[in-house]
Amino acid sequence: MNDTPRANRLHIGLFGRRNTGKSSMINAITGQETALVSEHPGTTTDPVYKAMELLPIGPVVFIDTAGLDDIGDLGKLRIKKTLEVMDKTDLALMIFSPGNTDFTLEQSWCQELTARKTPIIGVVNKIDEEDVDMGDIEKEFDFPFIKVSAKARTNIGKLKEMIHLNAPMDFELSTLVGDVINPKSLVVLVTPQDIQAPKNRLILPQVQSIRDILDHNSLALVTKDTELRDLLNCL
């Protein structure tokens, strides 16, 4: 499933100030040390993309971004790249740290996401270090919130459930044949095996077509072009 093209995956962007734990959140959700984690603010420079399978959604891409409060000339360039990430984000996780009471910056960036009609989940991280009263922060925003600890893996499972519940309703992987077949249809796929075809395996579009047929509760028969007549005679 990691061979699924990036464009066919739900894109989940992580946004927030420097050192709120965005990179740690990526690692906690994916269960891998994908993103570089440091106590020093500004570790993430260019956006980092991590593809994975997130059940029950399917293939997704998590995008780790630079801090929204990055400084200096390089910081401005990083923030520009973060804005570009927003253009390709299907679902946003806005990461907060306990103790932050000025949400002016977060509100500004949430407006950018809202203008793009991107659903947002608020994530208050680092509750293992300091608990937080959600009342103050929830009244400032009109999207759902959850408290987690990426470091201790607290509530990460619940966060994944929230991602599933808040993913865009109109997001679907593009179908290859599902819109032209009916359930229980018998579909014959002809897969020429020329010199460019990889040995001992099908190419990705062929695999995707078979999966699409199965997902639409239909039947797939696969043959080479040289055996097509024999297959048809067997039907």
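Readers should treat all values here as calculations from the given coordinates under stated rules, not as data from a laboratory. Remember, it's a predicted structure, so these values are computed and weren't measured experimentally. Neighbour counts are summed over all protein chains in view; Cβ atoms, including those assigned to glycine, are modelled from backbone coordinates with ideal geometry.
Taking the structure as given and computing percent of Cα pairs over 28 Å apart, which label from [x] 42; [y] 30; [z] 34 fits?
Here percent of Cα pairs over 28 Å apart agrees with entry [x].
Say the cut-off is 22 Å between C-alpha atoms; which of K117/K158; K76/K139; K22/K147; K81/K147; K50/K76; K22/K76 go over it?
In this structure, K117/K158; K76/K139; K81/K147; K50/K76 exceed 22 Å between Cα atoms.
Loop only per DSSP, at most 14 neighbouring Cβ atoms within 10 Å: give me the chymotrypsin sites (Phe, Trp or Tyr not before Pro) in region 83-157, ordered by residue number.
For chymotrypsin sites (Phe, Trp or Tyr not before Pro) across region 83-157 that sit outside H, G, I, E and B with at most 14 neighbouring Cβ atoms in 10 Å, the list is empty.
Within 11 Å, Cβ to Cβ, of L176, how many net charges do the neighbouring residues add up to if Lys/Arg are +1 and Asp/Glu are -1?
Charge balance in the 11 Å sphere: -2.
Is the shape of region 14-148 rounded, prolate or oblate, going by the alpha carbon gyration tensor and its root eigenvalues a ≥ b ≥ c, with a/c under 1.5 for rounded and a/b larger than b/c for prolate?
It is rounded, given that a/c, with a ≥ b ≥ c, falls under 1.5.
Only bridges with both residues in the chain count here: give the DSSP antiparallel percent, nearest 5.
Close to 25 percent.
Work through the residues other than S149 whose Cβ is under 11 Å from its Cβ and net out their charges, Lys, Arg +1 and Asp, Glu -1.
Counting the neighbours of S149, the net charge comes to 0.
Given the DSSP H assignment, sum -39500 (n - 2.57) over each helix run of at least 4 residues in the chain and divide by its residue total; what's the result at 222 nm in deg cm²/dmol, nearest 500?
Computed mean residue ellipticity for the chain: -9000 deg cm²/dmol.
Ranked highest first by the average count of other Cβ atoms within 10 Å around their residues, in what order do 207-214, 54-61, 86-93 fall?
In descending order of packing, they fall as 86-93, 207-214, 54-61.
By average Cβ neighbour count within 10 Å, what is the ranking of 156-166, 181-191 from highest down?
Result, highest mean Cβ count within 10 Å first: 156-166, 181-191.
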